[in-house]
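Heads up, the thing below is written out as structure tokens.
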């Protein structure tokens, strides 16, 4: 068994608490679904947000999902790069699996599809 990384990202329209929480759950559910994983398969999740998102911690909504109370989650702020995508939440999900890295399915939703159109189309 190996630890593999799964990337994901989603954008929100506004810096509002409920939008941030809902988008975080939507992204996590999509990653879990397309990869056929369960919370107990996940070693940890790193979550970053762009500097224009500060109304809520994305991890809060995930911690409240059934079965997620023991999954380590950490939020931080993305480095500010001029011209980068705004209002974006990014995940790096580290999963214990027997699959190869090439078999991991990354998920980009909303405006975040522009980050990796090659992987967004693969879904």
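The values are calculated or read from the model by the stated rules, or taken from the named source; none is laboratory data. Just so you know, these numbers come straight off a predicted model, no measurement behind them. Heads up, the Cβs are rebuilt from the backbone with ideal geometry, glycines too, and the neighbour counts pull from every protein chain shown.
Here residue 117 meets the list (1) exposed (fewer than 13 other Cβ atoms within 10 Å of the Cβ); (2) under 18 Å from residue 5 (Cβ atoms); (3) at pLDDT below 95 almost entirely, failing just condition (2).
Listed by first and then second residue, the pairs linking a residue in region 94-107 that is over 19 Å from residue 71 (Cα atoms) to a residue that is assigned to a loop (DSSP other than H, G, I, E, B) and at pLDDT below 95, with Cβ atoms under 6 Å apart and 6 or more places separating them unless they lie on different chains, are 98/1.
Apart from one condition, residue 86 fits all of (1) touching a residue at least 12 places away in the same chain (Cβ under 8 Å); (2) over 23 Å from residue 118 (Cβ atoms); the exception is (2). Counting the residues of region 3-40 that are surrounded by 16 or more Cβ atoms within 10 Å (Cβ to Cβ) and not in a helix (DSSP H, G or I) gives 10. As a summary of the residue check, residue 3 satisfies the conditions (1) closer than 22 Å to residue 103 by Cβ; (2) under 15 Å from the mean Cα position of the chain (by Cα) except for the one numbered (2).
Would you confirm whether any residue within region 87-97 is touching a strand residue (DSSP E or B) at 6+ places or on another chain (Cβ under 8 Å), assigned to a loop (DSSP other than H, G, I, E, B) and surrounded by 20 or more Cβ atoms within 10 Å (Cβ to Cβ)? Even if it seems obvious, please write down each step before you answer.
Keep residues of region 87-97 that are touching a strand residue (DSSP E or B) at 6+ places or on another chain (Cβ under 8 Å), which gives 87-97.
Then keep just the ones that are assigned to a loop (DSSP other than H, G, I, E, B); that gives 87.
Those still in the list that are surrounded by 20 or more Cβ atoms within 10 Å (Cβ to Cβ) too: 87.
Checked against the condition, which is being touching a strand residue (DSSP E or B) at 6+ places or on another chain (Cβ under 8 Å), assigned to a loop (DSSP other than H, G, I, E, B) and surrounded by 20 or more Cβ atoms within 10 Å (Cβ to Cβ), region 87-97 yields at least one hit.
Looking across region 46-78, the residues that are under 21 Å from residue 4 (Cα atoms), out of contact with any helix residue (DSSP H, G or I) (no Cβ under 7 Å at 6 or more places or on another chain) and surrounded by 17 or more Cβ atoms within 10 Å (Cβ to Cβ) come down to 48, 59. Number of residues in region 69-99 that are under 19 Å from residue 35 (Cβ atoms) and under 14 Å from the mean Cα position of the chain (by Cα) equals 10.
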